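Novice: Okay, here's the structure, questions in a sec.
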Amino acid sequence: MDIDVHLNGRPIVLACLGIYTRKKVLRKPALTIVSFGWIAAPQTVLAHHDGAHGDPWTVLGLGLLMLAVLLATVAARYDRGGPTPLERAWKNRRWLNLPVAEAHCDIPCGIYDPTPMQIAAVSVLRFLDQLAELDSSTQASLSDRARLTRLIAEKESHAQEVKDAAVVIWGDYFNAARIEAHPEIHELTHAIMKAASTCKQEVERENGERLVELVNQFAEIFWATKGVSTRRAIVAYKPGVAIVQPELADAG
């Protein structure tokens, strides 16, 4: 059996015309890939000594050529000046199902502050209060049900924010010397993680109060490592709880 593999000239001419007349092909990954696939798709011709036809290799070769043409057609169909399906898929990474990793800069920049964690904890407590104010009966309005959904989502989001911030400061900021000076930071961080999880799972106000208190204790230790004294002040917004604030030097 003799095998003769060669390129079909017509796809080469058409693809070259496409690149010449539509320069956007050079900037479209999807079209570029299928265009070169189209050019390189071989038409395999198998000549048997007995003159038989319909060899599976021939069918495979023609099938690959037809698939390349189909891909080029589909890609051209979506080429309307915006991103191609391949570009959108690569941008979203959905086709790879890759998780998104987020972390502190790790330069290390040395810039850490528990304030965002405190605001998130107070927000959790506020969301718990708002949940308690909603009509929980079966006759609740559609508006109340929609608000319930939003409050639960925000409550859990801010509780997770507390957990993420605690882990970053505990893991990145507290070095061996700081841990030696404040060995209780390990147990306190674990307690914050558990309290935040409880706030995500349940709706009792005391869970939010405990979370705020634990985060305040965390903030006190944090500022102590910097030699900064702290005080407790009532926030000027609901739920009106006390948070730890550093007594920083005046700018003037």
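Quick note: the coordinates plus some simple rules give every number you see, no bench work behind them. Model, not experiment: these values are computed from the prediction. Because the Cβ atoms are built from the backbone with ideal geometry, glycine has one as well, and the counts that use them run over all protein chains shown.
Novice: Whether any residue in the stretch 213-235 is within 15 Å of Ala120 (Cα to Cα) and outside any helix (DSSP H, G or I) is what I want to check.
Specialist: yes
Novice: Let me confirm something: among Glu206, Glu156, Glu187, which residue is of a type in the set (Asp, Glu) and buried (at least 16 other Cβ atoms within 10 Å of the Cβ)?
Specialist: On the way: Glu206 fails: buried (at least 16 other Cβ atoms within 10 Å of the Cβ); Glu187 fails: buried (at least 16 other Cβ atoms within 10 Å of the Cβ).
Going through Glu206, Glu156, Glu187 in turn, just one is of a type in the set (Asp, Glu) and buried (at least 16 other Cβ atoms within 10 Å of the Cβ): Glu156.
Novice: Asp135: assigned to a helix (DSSP H, G or I) and in contact with a helix residue (DSSP H, G or I) (Cβ under 7 Å, 6 or more places away or on another chain), yes or no? Quick ask: steps written out before the conclusion?
Specialist: Values: assigned to a helix (DSSP H, G or I): no; in contact with a helix residue (DSSP H, G or I) (Cβ under 7 Å, 6 or more places away or on another chain): yes.
Against the criterion (assigned to a helix (DSSP H, G or I) and in contact with a helix residue (DSSP H, G or I) (Cβ under 7 Å, 6 or more places away or on another chain)), Asp135 does not qualify.
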